[in-house]
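Where a number appears in this text, it was derived from the coordinates with a stated rule and is not lab data. Note that this is a predicted model, so its numbers are computed, not measured. No Cβ is skipped: glycine too gets one built from the backbone with ideal geometry, and neighbour counts run over all protein chains shown.
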Amino acid sequence: MIMGAISISIYIWLMKKHITIKMPETVPPAVANAFTGIIPATAGLYLTGIINYLFSINKTTVIDFISKTIQEPLPNMSQGYGAVLLMTVLVQLFWFFGIHGTNVLGPILDSIWLTAQLANINAFQKGQALPYIWTRNDFDLYAWIGGAGSTLLLLIAILIFSKRDDQRAVAKLSIGPGLFNVNEPVMFGLPIVLDPIYFIPFILAPVIMVSTAYAALNLGWVAPIKNQIVWSMPPILNALVATMDWRSVVLQVVNMLIGFLIYVPFVKAANKVNPNKLDENA
């Protein structure tokens, strides 16, 4: 991909500079156009070939070089609490403003924490010690239960404590998708996006939950992830399959309780808001 990007960039630059074979005007356009890209394409191919040759002299490849100098150090840097907390907060902030934070930051999440997870999986299959504590699916297991913001816990809190018919209706429709970590219905239906009441718990709940999980993993109370799971796997089941450790289920339940308790006061506060007045002001 990188070599292709370099080759195409050279091709485009040479074409813009008109460094091409120019045929006489008597030559038909279809024939002349066939010769136009010969010099840019040849230059791009030769340059990428030279780059590959230089790396081969050192008995390596471009991909191996990037992997050793950039990719391999990243998982080690990602194991710090600050990196995990920062990623959690950024995803929440993107979501609050209506941007799919998990997808936008997906390249970073996958390139760093998914790499660490794959290393854990390979080590587990070989019977070796797991090299990394925090991996990609840990966010899903312990911080984003039911989707970013752990909105499944908000839905449960609404169904129990909310007196507003509009929010209860949205919660009833969103609880099913929420069990499979799909939270767009509640994000845009309630909505949580740009809602000043739910901004604090939407940020705070994942922060507290990820902190609790990170501490438990670092203290060795819960086994790290050793199996790959899909993001849509329901809670409890995903923890058990990913870690093969019953203690991860206990940790997930504890985090669910924490998130639920954080959301409850704000659900009660939302009861005091008259949705009819909101419509009139709009």
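Overview of values
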item	result
J(HN,Hα) series, region 10-21, from Karplus relation 6.51 cos²θ - 1.76 cosθ + 1.60, nearest Hz, glycine and proline x	5, 4, 5, 5, 5, 5, 5, 7, 6, 8, 9, 7
Fewest-first sequence of Phe97, Phe266 by Cβ atoms within 10 Å of each Cβ	Phe97, Phe266
Integer Hz, Karplus 6.51/-1.76/1.60 couplings in order for region 119-126, x for Gly and Pro	5, 5, 4, 5, 5, 5, 5, 8
Kirkwood Rh, angstrom, the chain [1 / mean 1/r, Cα pairs]	22.2 Å
Alpha-carbon Debye profile of region 128-226, log10 I(q)/I(0) at 0.16, 0.23 Å⁻¹	-0.69, -1.13
Order of Tyr46, Tyr142 - criterion: other Cβ atoms within 10 Å of each residue's Cβ, fewest first	Tyr46, Tyr142
Ellipticity estimate at 222 nm from DSSP helix runs (n ≥ 4, -39,500 (n - 2.57)) divided over the chain, nearest 500	-19500 deg cm²/dmol
Between helix 38-57 and the chain: long-axis angle, C-alpha atoms, 0 to 90°, nearest 10	70 degrees
Sequence ranges 154-166, 13-25, ranked by mean other-Cβ count within 10 angstrom, highest first	154-166, 13-25
Overall Cα dimensions of region 185-282 - principal axes, largest extent first, Å	53, 25, 16
Stokes-Einstein translational diffusion, region 150-208 - Kirkwood Rh over all Cα pairs, 0.890 mPa s, 25 °C, in µm²/s	216 µm²/s
Whole-Hz ³J(HN,Hα) from phi, Karplus 6.51 cos²θ - 1.76 cosθ + 1.60, for region 240-257, glycine and proline x	5, 6, 5, 10, 6, 9, 4, 5, 5, 5, 4, 4, 5, 5, 4, 5, 4, 5
Number of Lys pairs (Cα under 18 Å; 8 or more positions apart or on different chains) in the chain	8
Packing-based exposure ordering (other Cβ within 10 Å, fewest first) of Arg168, Arg136	Arg168, Arg136
Helix 196-218 axis, angle to the chain major axis (alpha carbon atoms, nearest 10°)	80 degrees
